[in-house]
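What follows is a single structure, written as structure tokens, with notes after it.
The values are calculated or read from the model by the stated rules, or taken from the named source; none is laboratory data. Keep in mind that what you see is a predicted model, and the values were worked out from it rather than measured. Note: ideal-geometry Cβ built from the backbone for every residue, glycine included; neighbour counts use all protein chains shown. Each accessible area value is taken on the protein alone, full model and side chains, heavy atoms only, with ligands, DNA and RNA left out. Shrake-Rupley method; radii C 1.70, N 1.55, O 1.52, S 1.80 Å.
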Amino acid sequence: MLEHEGGFMNPASIARMCATFAVLGLLGAAAPADEAEDVLNRQREFNAVQIVYRNGTPHTDRQGRLLTTFEPEKSFFQIGIWGAPLPGRYYDSECDWAALREAGFNTVWPWAADPATALQAGASFGMQIVPMGEIPDDKLAAIKEHPNLLGNVWMDEPIGGLGSKDMDELFGKFAAYRDQAHTIAPGMPVFVNDAPWIMPPATTWWLKWNSAGDVSCHDNYPVMNRTGRAASIGAEPNGIPQTVSLAVADAKEQKPVWLIVGAFDQPGAYGQAFPFRFPTPEQLRACVYAGIIHGATGIIYFIWDNYVPRDGAVIGMAPNPLPHYTPNPKKEGFPNPTPATPLQLVNARALWETATQINREIAELTPAILSPTVGADTPYTLKIEGKAPTATPIRTLLKRGPEGEYILLTVNVDDAVLKVAYEFPRPLAKAEVLFENRLPETLPDDAATFELSYEPFTVHVVRIVTD
């Protein structure tokens with residue numbers, strides 16, 4: 001059984017989780033009542049086996065309309081890029097959305113763009129569009145029926161103003177804008193994207209902001225370097241499993257949850273205060289799958305490398321990143337040129353290729369991800385061997401595939417080497433690990449178990465056929 005090292009999680013959390021995991025991996029009891037005061041308790045009571053969305057998975061169509069049943073001609077899983085400039089040439093680089101399309105993105109959150117112009121670009125490149133910021137009434141009326149309009153994010157990280165802004169006033173402005181937008185464009189999701197600050201004193205406001213939007217959306221970048229390499233993407237108090245599951249619980253599993261993951265580096269002076277670092281390819285894939293396993297039905301990446309993030313002292317991912325994006329920063333009014341080192345360019349390219357692979361996987365898995373989670377009729381269990389910095393390093397979610405098979409999504413959220421034995425209640429005819437160029441697992445007759453090995457931050461997706 002799992003052994004865990006102390007010192008990474010606080011003792012109260014470990015005690016609470018260990019009590020929950022007396023039999024590690026068994027499907028849990030029914031979720032507690034949905035009262036708001038239970039949300040924080042629910043989000044910490046993690047089991048290795050996730051049971052979210054048994055009664056249907058809330059997601060949208062391409063115009064942001066709510067769906068709970070997967071419909072092949074309508075259901076849409078957002079694979080987005082945050083803050084992309086409109087297509088064109090900027091300084092020394094060309095921002096060609098064809099690169100986004102080729103990498104499997106289907107949605108753009110355009111940077112500082114007129115909504116109508118952005119939607120025109122979206123139509124040209126086959127992208128849905130999420131305009132950022134308030135849209136004036138007349139402009140919203142002009143675009144409200146555009147087939148490429150997915151939703152409107154009113155503000156980025158309002159919780160960041162806690163303590164420095166009148167939060168009641170800010171929330172009132174959002175509520176008024178949301179209600180007015182609904183009268184002009186009924187059915188268009190209006191929401192905010194918030195930070196992963198779910199700890200006191202932010203908890204109450206975080207829940208309020210996420211409840212107020214038509215979708216719940218937040219960013220979470222757990223790969224940092226304050227005292228050493230990231231030991232987990234699921235550590236207390238605000239790892240990806242914690243924030244996503246809290247958003248799902250707060251929404252009572254009734255509306256979509258979108259997660260923004262980090263694929264960027266923040267060097268220099270900014271990086272001293274906010275030491276975000278490039279994830280490894282394995283960590284980026286783990287962040288995406290940890291979000292999906294805990295209930296995200298849309299993934300957005302931060303950020304495509306170009307002049308926009310570099311001016312904000314950020315180096316993003318790109319197929320062909322440049323050392324600089326302007327030849328004369330002072331003359332061009334480019335205050336933070338943020339040059340990239342050769343190794344940062346290597347990382348930027350590697351993460352772009354990683355995101356491309358992840359996006360292909362999500363596209364293939366979308367029918368399963370957006371279908372109901374398998375219920376108590378298939379009470380599989382797992383046993384974990386190895387040492388890990390958190391109490392439950394393996395997270396899993398079982399879905400039905402389009403041909404009636406099972407699709408098992410699994411992720412190791414920790415920097416740990418583990419072996420996991422999965423056991424099902426009836427014999428298995430096949431257990432095939434997808435996306436890894438592997439042959440199906442060799443199973444003896446009447447076998448109901450199989451084992452998988454996990455390197456740090458490994459994702460395994462398994463297609464299972466029962467007898």
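When Ile129 is evaluated against the numbered criteria (1) touching a helix residue (DSSP H, G or I) at 6+ places or on another chain (Cβ under 6 Å); (2) among the aliphatic types (A, V, I, L, M); (3) farther than 24 Å from Tyr177 by Cα, which criterion, by number, is the only one it fails?
For Ile129, the exception is condition (3).
Select from region 427-467 the residues that are touching an Asp or Glu at 6+ places or on another chain (Cβ under 7 Å), among the small types (Gly, Ala, Ser) and open to solvent by less than 50 Å² (accessible area, probe 1.4 Å) and list them in ascending order.
Ala431, Ala448 - these are the residues of region 427-467 that are touching an Asp or Glu at 6+ places or on another chain (Cβ under 7 Å), among the small types (Gly, Ala, Ser) and open to solvent by less than 50 Å² (accessible area, probe 1.4 Å).
Going by what's in this entry, would Asn359 be described as open to solvent by less than 50 Å² (accessible area, probe 1.4 Å) and in contact with a Cys (Cβ under 8 Å, 6 or more places away or on another chain)? Reasoning before the result, please.
On the way: open to solvent by less than 50 Å² (accessible area, probe 1.4 Å): yes; in contact with a Cys (Cβ under 8 Å, 6 or more places away or on another chain): no.
No: the conditions fail for Asn359.
I want to confirm something. Restricting to region 194-226 and keeping residues that are surrounded by fewer than 19 Cβ atoms within 10 Å (Cβ to Cβ), touching a strand residue (DSSP E or B) at 6+ places or on another chain (Cβ under 9 Å) and farther than 15 Å from Ala247 by Cβ, which single residue is modelled with the lowest pLDDT?
Looking at residues that are surrounded by fewer than 19 Cβ atoms within 10 Å (Cβ to Cβ), touching a strand residue (DSSP E or B) at 6+ places or on another chain (Cβ under 9 Å) and farther than 15 Å from Ala247 by Cβ, I get Asn225.
Output the number of the condition that Asn41 fails; it satisfies all remaining conditions of (1) in a loop (DSSP other than H, G, I, E, B); (2) open to solvent by 50 Å² or more (accessible area, probe 1.4 Å); (3) at pLDDT below 95.
In the conditions (1) in a loop (DSSP other than H, G, I, E, B); (2) open to solvent by 50 Å² or more (accessible area, probe 1.4 Å); (3) at pLDDT below 95, Asn41 misses (1) alone.
State which residue is most open to solvent (accessible area, probe 1.4 Å) when the search covers only region 284-313 and only residues that are touching a Phe, Trp or Tyr at 6+ places or on another chain (Cβ under 6 Å) and modelled with pLDDT of 95 or more.
The extreme case among them is Phe302.
Provide a single number: the residues in region 77-101 that are in contact (Cβ under 8 Å) with a residue 40 or more places away in the chain and either part of a helix (DSSP H, G or I) or farther than 18 Å from Pro189 by Cα (or both).
Let us first name the residues in region 77-101 that are in contact (Cβ under 8 Å) with a residue 40 or more places away in the chain, namely 77-85, 90-93, 95, 99-100.
From what is left, the residues that are either part of a helix (DSSP H, G or I) or farther than 18 Å from Pro189 by Cα (or both) are 83-85, 90-93, 95, 99-100.
Selection size over region 77-101: 10.
Among the residues of region 143-163, count how many are surrounded by fewer than 19 Cβ atoms within 10 Å (Cβ to Cβ) and in contact (Cβ under 8 Å) with a residue 60 or more places away in the chain.
Going through region 143-163 one residue at a time, the tally reaches 2.
Got a number for residues in region 95-112 being at pLDDT 95 or above and either small (Gly, Ala, Ser) or open to solvent by 50 Å² or more (accessible area, probe 1.4 Å) (or both)?
Summing the residues that are at pLDDT 95 or above and either small (Gly, Ala, Ser) or open to solvent by 50 Å² or more (accessible area, probe 1.4 Å) (or both) in region 95-112 gives 8.
List the residue pairs whose Cβ atoms are under 6 Å apart, where the first residue sits in region 256-278 and is farther than 19 Å from Trp197 by Cβ, the second is aromatic (Phe, Trp, Tyr) and open to solvent by less than 20 Å² (accessible area, probe 1.4 Å), and the two are 6 or more positions apart or on different chains.
Short answer, once both residue conditions are applied: Ala263/Tyr301.
Just to be sure I understand, how many residues within region 164-182 are open to solvent by 50 Å² or more (accessible area, probe 1.4 Å) and touching a residue at least 24 places away in the same chain (Cβ under 8 Å)? Break it down stepwise before answering.
Looking only at region 164-182, we keep the residues that are open to solvent by 50 Å² or more (accessible area, probe 1.4 Å), and these are 164-166, 168-169, 173, 176, 179-180, 182.
Applying the additional criterion that residues be touching a residue at least 24 places away in the same chain (Cβ under 8 Å) yields 180.
The qualifying residues number 1.
Please enumerate the residues belonging to region 258-283 that are surrounded by fewer than 24 Cβ atoms within 10 Å (Cβ to Cβ) and part of a helix (DSSP H, G or I).
Across region 258-283, the qualifying residues are Gly268, Ala269, Tyr270, Gly271, Gln272, Ala273, Pro281, Glu282.
Only one residue in Pro241, Pro281 is in contact (Cβ under 8 Å) with a residue 24 or more places away in the chain and closer than 17 Å to Leu397 by Cα, so which one is that?
Checking each option against the conditions leaves just Pro241.
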